[in-house]
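The block underneath contains the structure these notes are about, expressed in structure tokens.
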Amino acid sequence: MAAELHAARPQQAAGGLALGMAAQWRGEGSQHQGKRPYQEDCWALVTLGDGSLLAIVADGMGGHAGGAVASKLAVDAFVHAVEQGGGLADGLQNANEAVRRGVQDKPGLDGMGATVVAVHVRGDEVRWISVGDSPFYLVTAGKLVRLNADHSMAPQIDALVERGMLTAEEAEHHPGRHTLREAVMGDPLTLIDKGSHRLGPGDGLLLCSDGVQTLTTEQIVAGAARSANDLVEAVLAAAKDHQDNITVVKLERSA
């Protein structure tokens with residue numbers, strides 16, 4: 001996977017790697033379709049006019065055509081809103097409206113949608129907004145902390161393990177584990193996670209599609225110490241049957 005350096009928004013290539021720079025922060029992203037015959041993830045990394053950094057990952061759903069269309073519509077609309085001076089909430093609203101119009105224009109794509117996780121990093125603060133199950137991680141002092149909520153059924157199923165109603169193995173293989181409770185599909189959004197966090201000197205950030213969760217927490221932390229491309233390669237090396245699309249955007253402080 002080739003790497004390119006960009007001062008602003010990188011152009012994406014399938015399976016490619018791109019980097020962006022902003023005051024105090026740098027970012028890079030990489031993706032692979034895994035063992036799927038198509039890529040439904042989309043991502044962007046943008047240096048804004050004030051030098052801050054915007055990153056977004058969308059994981060499409062709705063099959064080859066629908067998922068790929070929905071994720072790209074969502075990312076492009078989100079970035080456009082923020083580049084025009086809007087906040088993260090404006091970006092999400094724009095993304096949801098873009099998917100709604102996409103279905104309206106092509107009724108055959110009814111049911112398409114995407115998860116969205118987006119962050120804005122400026123100085124020592126990161127703000128995020130997300131819908132769906134794509135994780136946003138803080139890597140700090142050798143630990144991995146998920147900052148955003150998981151809008152799939154996984155948290156509810158894991159709660160059954162804590163109550164002794166399921167075993168850990170049953171929960172891991174539960175058929176409803178990855179069912180989404182919310183996604184960007186053009187309908188009014190009822191589950192939106194948003195927040196902010198003050199960052200320390202050695203902190204790093206990872207935005208991912210859920211395909212990265214093939215790895216254990218320890219493996220993600222180890223991969224985060226290297227490049228986004230290395231983390232994607234680690235997922236592929238795990239050789240999981242039916243591996244989902246994988247996208248990783250890594251943000252860290254500039255040297």
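The values are calculated or read from the model by the stated rules, or taken from the named source; none is laboratory data. Since the model is a prediction, treat every value here as computed from it, not as a measurement. Cβ placement follows ideal geometry from the backbone for every residue including glycine, while neighbour counts extend to all protein chains displayed. Surface accessibility is based on the protein's heavy atoms, side chains included, excluding ligands, DNA and RNA. Shrake-Rupley method; radii C 1.70, N 1.55, O 1.52, S 1.80 Å.
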> Taking the alpha-carbon set of region 65-198, what are its Rg and Dmax in Å?
Replying inline: 16.7, 50
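Below 8 Å, C-alpha to C-alpha, sequence gap of six or more: please give me the relative contact order for the chain in percent.
Values: 619 pairs, mean separation 57.6, N = 255.
Relative contact order, the chain: 23 percent.
Counting only DSSP beta bridges with both residues in the chain, tell me the antiparallel percent, nearest 5.
Values: 57 of 59 bridges.
Taking every DSSP beta bridge within the chain, about 95 percent pair in antiparallel fashion.
Among 78-85, 117-124, what's the highest-first ranking by average C-beta atoms within 10 angstrom per residue?
On the way: 78-85: 17.9, 117-124: 20.6.
Ranked by mean Cβ neighbours within 10 Å, highest first: 117-124, 78-85.
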>> Springs between alpha-carbon pairs under 10 angstrom, Gaussian network model over the chain: which of Gly204, Gly195, Gly113 fluctuates most?
In response: Gly195
>> Give me the net charge for the shell around Ile129: Cβ to Cβ below 11 angstrom, other residues only, Lys and Arg +1, Asp and Glu -1.
In response: 0
> Using a basic spin-label model with each label point 7 Å from the Cα along Cα→Cβ, how many nm lie between Leu166 and Glu83?
Replying inline: 4.2 nm
> Given the options Ala225, Ala89, Ala74, which has the most mean-square fluctuation in a GNM of the chain, springs set between C-alpha atoms less than 10 angstrom apart?
Replying inline: Ala225
>> What does the charge count around Glu40 come to, taking other residues whose C-beta lies under 11 Å from its C-beta (Lys +1, Arg +1, Asp -1, Glu -1)?
In response: -1
> Rounded if a/c is under 1.5, else prolate if a/b beats b/c, else oblate: with a ≥ b ≥ c from the C-alpha gyration tensor eigenvalues square-rooted, which is region 190-234?
Replying inline: oblate
>> Please report Rg (one decimal) and Dmax (integer) in Å for the Cα set of region 47-89.
In response: 12.1, 38
> Mind checking which helices in the chain clear 24 Å along their axis (Cα) and have mean Kyte-Doolittle hydropathy of -0.5 or more, DSSP H runs only?
Replying inline: 63-83
> What accessible area per residue comes out for region 92-168, rounded to a whole number of Å², with a 1.4 Å probe?
Replying inline: 45 Å²
> At a 1.4 Å probe radius, carbon and sulfur cover how many percent of the accessible area of the chain?
Replying inline: 51 percent
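How compact is region 123-255 by the rule of thumb for globular proteins, expressed as Cα Rg over 2.2 N^0.38 Å?
Expressed relative to 2.2 N^0.38 Å, the Cα Rg reads 1.11.
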> Of Arg181, Arg198, Arg127, which has the largest mean-square fluctuation in a 10 Å C-alpha GNM of the chain?
Replying inline: Arg198
> How compact and how long is the chain, expressed as Rg and Dmax of its alpha-carbon atoms in Å?
Replying inline: 17.2, 52
> What does the charge add up to near Asn245, with Lys and Arg as +1, Asp and Glu as -1, over the other residues with Cβ less than 10 Å from its Cβ?
Replying inline: -3
>> Taking the alpha-carbon distance from Lys143 and a cut-off under 30 Å, which lysines remain once sequence neighbours fewer than 8 residues away in the same chain are dropped?
In response: Lys35, Lys194, Lys240, Lys250
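Per-residue ellipticity at 222 nm for the chain, helices alone: DSSP H runs ≥ 4 residues times -39500 (n - 2.57), over residue total, nearest 500 deg cm²/dmol?
-8500 deg cm²/dmol
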